[in-house]
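Worksheet: the structure to be examined is printed underneath.
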Amino acid sequence: MHRTARSLVKKLGSVSEITRSEALAELRLMTKNDEESRLIIAEAGAVPYLAETLYSSSHDSQDNAAATLLNISISSRAPLMSTRGLLDAISHVLSHHATSSSPSAVQSSAATLYSLLVDDSYRSIIGAKRDIVYSLIEIIKRPNSPPRSIKDALKALFGIALFPLNRSSLIDLGAVGALFSLVMKDGRVGIVEDTTAVIAQIAGCEESESEFLKFSGVKVLVDLLDVGTGSSERIKENTVGALLNLVRCGGGGVMREVKEMRPGAVEGIKDVMENGTAKGKSKAIALLKAVEGGARKWDVAV
């Protein structure tokens, strides 16, 4: 396998476009089907070539390079993050999502970011690349973005938001308005679940209160909790987490709006407390306690 990997990587540097294309297709297949091949191919020096190919005008080459990088990142993140210019190449693909980049390459590039963000030591590095963050937000804002591109962009934004110091940058770059617009306008399966997961993370910073109030975010979240809305359990858990973070990090404006929750929304919190995951239950209890000693006001046993 080592010999095959070295041979294919050597072909990536060929002057023949056909030779390069064939090698890219073969590397994509190998890294998809053989987990052990990923590190071997990375150690053979493939990553710089793959990163450079993300700038290609050929959609086939761009697709294969992006998919191969994604496959390698699942098993071996360090070779990617140690390659100079890799994040710039990914940024190039994402920033041209509406023009020259192929949709598949955009999706693979966003998914690669999410894979890299699993390692918490990379979250501050990727989050500091404002061009990447901006492009991810633009993808979810664009009405014509494919659902897969939106979902992969949301997952990358979630990974970025897991690092607390990235949250204010997300707010500065317009993430909150884009996210709540998705919640209001996009009913596709999984989109609202992923969107509320990002919202819950961004809510956990001091800057979140004014931005959430600006976009009527608390009202939207309360509506999602209302049992009459028919939100999924995951949406309700994410919403409870978002409101709890807002209450903890925000001031009087958020607290006033949360206190005015309709009975249907309170029932939604109770539902999470009774039927949610262990983490969801604890957040629901904490939210009820945070709002005027919730247990006394709403007769909930905690």
Quiz prompt | Selection within the stretch 185-237 - surrounded by 19 or more Cβ atoms within 10 Å (Cβ to Cβ) and among the polar types (S, T, N, Q) | solution = Thr195, Thr196, Gln201, Ser208, Ser231
Quiz item: Just for the stretch 199-249: of the residues that are part of a helix (DSSP H, G or I) and among the hydroxyl-bearing types (Ser, Thr, Tyr), which one is modelled with the highest pLDDT?
Solution: Thr239
Quiz item: Residues Arg130, Arg167, Arg148, Arg188: which one is at pLDDT 95 or above, of a type in the set (D, E, K, R) and under 20 Å from Leu221 (Cα atoms)?
Solution: Arg167
Exercise. Looking only at the stretch 280-291, decide whether some residue is in a loop (DSSP other than H, G, I, E, B), surrounded by 12 or more Cβ atoms within 10 Å (Cβ to Cβ), of a type outside the set (Asp, Glu) and at pLDDT below 95.
Key: yes
Exercise. Answer yes or no as to whether Ala42 is over 20 Å from Val133 (Cβ atoms) and either part of a helix (DSSP H, G or I) or not hydrophobic (A, V, I, L, M, F, W, C) (or both).
Key: yes
Practice problem: Within the stretch 216-272, work out how many residues are more than 15 Å from Ala286 (Cα to Cα) and either touching a strand residue (DSSP E or B) at 6+ places or on another chain (Cβ under 8 Å) or hydroxyl-bearing (Ser, Thr, Tyr) (or both). | Solution: 4
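Tell me the helices (runs of 4 or more DSSP H) entirely within the stretch 72-169 that contain at least 1 residues that are touching a residue at least 12 places away in the same chain (Cβ under 8 Å), of a type in the set (S, T, N, Q) and surrounded by 15 or more Cβ atoms within 10 Å (Cβ to Cβ). Step through it out loud before you land on a result.
On the way: elements: 78-81, 86-95, 103-117, 123-127, 130-141, 147-161.
The helices (runs of 4 or more DSSP H) meeting that bar are 86-95, 103-117, 130-141, 147-161.
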Quiz item: Which one of these does Met261 not meet: (1) at pLDDT below 90; (2) surrounded by fewer than 18 Cβ atoms within 10 Å (Cβ to Cβ); (3) among the aliphatic types (A, V, I, L, M)?
Solution: (2)
Quiz item: For the stretch 156-196, what are the residues that are of a type in the set (Lys, Arg) and over 14 Å from the mean Cα position of the chain (by Cα)?
Solution: Lys185, Arg188
Quiz prompt | Number of positions in the stretch 226-256 that are charged (D, E, K, R), in contact (Cβ under 8 Å) with a residue 40 or more places away in the chain and over 20 Å from Gln201 (Cβ atoms) | solution = 1
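Condition test on Ala278, is it out of contact with any helix residue (DSSP H, G or I) (no Cβ under 7 Å at 6 or more places or on another chain) and of a type in the set (A, V, I, L, M)?
Working: out of contact with any helix residue (DSSP H, G or I) (no Cβ under 7 Å at 6 or more places or on another chain): yes; of a type in the set (A, V, I, L, M): yes.
So Ala278 passes the test.
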Quiz item: Quick check: is even one residue across the stretch 175-184 within 21 Å of Thr68 (Cα to Cα) and surrounded by 17 or more Cβ atoms within 10 Å (Cβ to Cβ)?
Solution: no
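Tell me which residues, restricted to the stretch 7-28, are part of a helix (DSSP H, G or I), without any contact (Cβ under 8 Å) to a residue 40 or more places away in the chain and in contact with a helix residue (DSSP H, G or I) (Cβ under 9 Å, 6 or more places away or on another chain).
Step one: list which residues in the stretch 7-28 are part of a helix (DSSP H, G or I), which gives 7-12, 17-28.
Filter once more, keeping what is without any contact (Cβ under 8 Å) to a residue 40 or more places away in the chain: 7-8, 10-11, 18-19, 22-23, 25-26.
Within the stretch 7-28, Ser7, Leu8, Lys10, Lys11, Thr19, Glu22, Ala23, Ala25, Glu26 meet the criteria.
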Quiz item: Taking only pairs six or more apart or across chains, which ones have beta-carbon atoms under 6 Å, a first residue in the stretch 178-193 that is within 13 Å of Ser231 (Cβ to Cβ), and a second residue that is of a type in the set (Ser, Thr, Tyr) and in a helix (DSSP H, G or I)?
Solution: Val183/Thr195
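The values are calculated or read from the model by the stated rules, or taken from the named source; none is laboratory data. Since the structure is predicted, the reported quantities are computational estimates derived from the model, not experimental observations. Every residue, glycine as well, gets a Cβ built from its backbone with ideal geometry; the counts of neighbours run over all protein chains shown.
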